[in-house]
Amino acid sequence: MMPRALPALLALCRAAARGVAPTLAAVLIAGCASPPPPDASGAEAGDFTLHIAHINDHHSQLDGFAGFELQVDGVPTRVTLGGMARQTAAFKALAAREPALLKLHAGDALTGTLYYTFFQTDADAALMNTVCFDAFIPGNHEFDDGDATLARLLDALESGPCPRPALLSANIVPAAGTPLAPAGRAPRLAPSAVRRVQGVDVGLVGVTVAGKTQVSSRPLASTRFLEEASAAQAAIDALRARGVRHIVLMTHIGYEADLALAQRLHGVDVILGGDSHTLLGDFRALGLGSAGAYPTQARNADGERVCIGQAWEYGKVFAHMQVRFDPQGRVRACGGQAELLIDGPFAQQQADGRWQPLDEAATQALRARLARQSGVQLQAPDPDAAQVLARFASQVAAHKAERIGTATEALCLVRVPGEPSNASAGVSGCEQANQFARGSDVAQAVAEAFLAASRRADVALQNAGGVRTPIAAGPITMETAFRVLPFANTLVEIELSGAELLQALEDGVANHLDLGRSDGSHPYAAGLRWRLDLRAPRGQRFQQVEVLDKASGRWLPLEPTRRYVLVTHDYLAAGRDGYDTLARLSAQGRALNTYLLYTQSFVEALRRSGTVARSPAARVSHQAVTTRDGRNLR
């Protein structure tokens, strides 16, 4: 029963919520009306408490993050964070304690690391099968290599050592006779499923983001994606018609979209999401910000409580939600915690800035301190899962020796055309590379690979410093590709005007020319070309800027007011190397991280073509350069 003071408090909250955004108002009102998290002392006769452990967006990140930096009592501290073997250990430990448990994965298991590059779905499926998820929904990135790749993942999950999981999406409708709807069989993805938990039927429904999957991934043209809310409601209504009163909606549409969706749906009790890589909970003591409470509470279209959760990204967080239902199946209370999975080795920063590995005594003291910290779970890897992972990790070195193509001529490395030193010295064919306007052949080739990898982009941008070595003429191995592009960057698509694109180019040059910072910021592009005058003031350096029109194949002047899509990598999209314009656009919500590893885009481009050479003169981004000392390069 609600305490007498709460109706008055709720009225005040509703008054406070007037005039704010609808999703925020719903969360504010729900939060005001919320009782404490569920526990044994608050349970009433006939109540049922459902435990849900969930992750999302692990993106083939099967290893833990070594050297991940947190704040512990104000001291910068490096830890090992997450990884699928630690996730498996956490899931197993909770399952041993809580029989009323569902284990859920809210999509984007695939793409992002060498485990996907080398093994496609195999490594991810093998590690997921050490958890034994009760249900899985595809995210948009499950379609990056088409319906057949997703079908292969589903096959591995269904035929593995675990009980058959529910494979769900109410809004994906594959055509008959395609990989997700084989001839003579039911579609591989069901709209919903029912799991019996401690004698109670719990309905599970899945939805996958529609627009982004169709535009940025590669589903078959015949595979339809229905509008998310209507598809979810239809599946919920079908479950309720069967008498199911406890409904968990698994989504891959993003946290803000989940908040909005909750208000539109009747009969939904829990929403567990993915896609936006959202950290929920209070981690300020560890130096991390978050987007809201875990769980976040809102109201559905019936005015009833909904518990909403998401588990950040890359297997860093283990999320455990507890939902207490009354005898009629209404949510009485939400509780739980998203916890960082932390392990050693540990190091802490000293007063002089050096990082000092902790000895045994200091390690034990730190472990004791972290054990008391909310939002932390000290977790060693599960031995069986670690053994499975080791089999794939041991093959990575061998795969790096794999030949992926041939350079028909040397691709030279240059940062700024006309620079005094030659970074490609010693590579045959690159003896005078720094004296030509074209600059970095290899940065140009990487930008071309970015453009080929993006279905939406008009132009691609790569910074000179993000490419580390030249490529000599001859065979190219996987190891070569990862020497050229050694970072864990992912491709990001940004919507921007022609004027904003020009500002970003100016940012990249101003970073080294005006601000005295690294010349690694110098821009190279695909589908975009210019004449560059390094003597001119900022804002006037890029001249005769043209964009390659995909439809006509003609070079057209960059239009300041026209909208374009740029593909670059997440380092630049975050504003690094002085790209302040891109940071601003990202903060405005105009950036979409594809989570495609940038090295993988180069590898796949080379595999498709078999060979790589210098770009034709007409496609080179630097058509002409006037150096600071007045030399005209062609």
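The values are calculated or read from the model by the stated rules, or taken from the named source; none is laboratory data. The structure displayed is predicted, hence computed values, not measured ones. Cβ: placed from backbone, ideal geometry, glycine included. Neighbour counts: every protein chain shown. Accessible surface is based on the protein model in full, side chains and every heavy atom, while ligands, DNA and RNA are left aside. Shrake-Rupley method; radii C 1.70, N 1.55, O 1.52, S 1.80 Å.
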In degrees from 0 to 90, rounded to the nearest 10, what is the angle of the helix 498-513 Cα long axis to the longest principal axis of the chain?
70 degrees
Suppose R0 equals 30 Å; then what is the FRET efficiency for Ala95 and Arg517 from their Cβ-Cβ distance, rounded to the nearest 0.05?
0.05
Once both labels are modelled 7 Å past Cα along the beta-carbon direction, what's the Gln328-Ala156 spacing in nm?
4.6 nm
Pop out the carbon and sulfur fraction of the accessible area of the chain as a percent, whole number, probe 1.4 Å.
52 percent
In Å², and per residue, what accessible area does the chain have when probed at 1.4 Å with the other protein chains present?
39 Å²
Could you give the radius of gyration (one decimal) and Dmax (whole number) of the Cα atoms in the chain, in Å?
26.4, 85
Please report, in debye to the nearest 20, how large the charge dipole of the stretch 293-380 is about its Cα centre when each Lys and Arg carries +1 at its beta carbon and each Asp and Glu carries -1 there.
320 debye
Could you tell me which of Gly426, Ala234, Leu204 has its Cα farthest along the dipole of the chain towards the positive end, charges placed at Cβ (Lys, Arg +1; Asp, Glu -1), taken about the Cα centre?
Ala234
Highest first, please rank the peptides 250-260, 276-286 by the mean number of other Cβ atoms sitting within 10 Å of their residues.
250-260, 276-286
Any trypsin sites (Lys or Arg not before Pro) in the stretch 422-517 that lie in a DSSP loop and have at most 15 other Cβ atoms within 10 Å would be Arg455, Arg456, Arg468, Arg517
Residues whose built amide H sits under 5 Å from the amide H of Ser440, excluding neighbours closer than 5 in sequence, are Val414
What fraction of the DSSP beta bridges in the stretch 272-417 is antiparallel, stated in percent and rounded to the nearest 5?
75 percent
Charge dipole magnitude, Cβ of K and R +1, D and E -1 - the chain, Cα centre, debye nearest 20:
700 debye
Computed magnitude of the charge dipole of the stretch 238-352 (debye, nearest 20; Cβ of K, R +1, Cβ of D, E -1):
680 debye
Taking the C-alpha atoms of the stretch 97-251, how large are the radius of gyration and the largest Cα-Cα span, Dmax, in Å?
15.3, 46
Compute the Cα gyration tensor for the stretch 206-319, then decide on rounded, prolate or oblate, letting a ≥ b ≥ c be the square roots of its eigenvalues: rounded whenever a/c is under 1.5, prolate when a/b is larger than b/c in the other cases, and oblate in all that remain.
oblate
Divide by every residue of the chain the summed helix terms, -39500 (n - 2.57) for each DSSP H run of at least 4, and state the resulting mean residue ellipticity at 222 nm, rounded to the nearest 500 deg cm²/dmol.
-9000 deg cm²/dmol
Lys/Arg Cβ at +1, Asp/Glu Cβ at -1, dipole of the stretch 526-591 taken about the Cα centre: which of Gly578, Gln588, Gly539 is farthest positive-ward?
Gly539
Which parts of the stretch 260-288 would a label at Arg242 reach, counting a residue when its backbone N lies under 18 Å from a point 7 Å out along Cα-to-Cβ?
267-270
Antiparallel versus total DSSP beta bridges in the chain: what percent is that, nearest 5?
65 percent
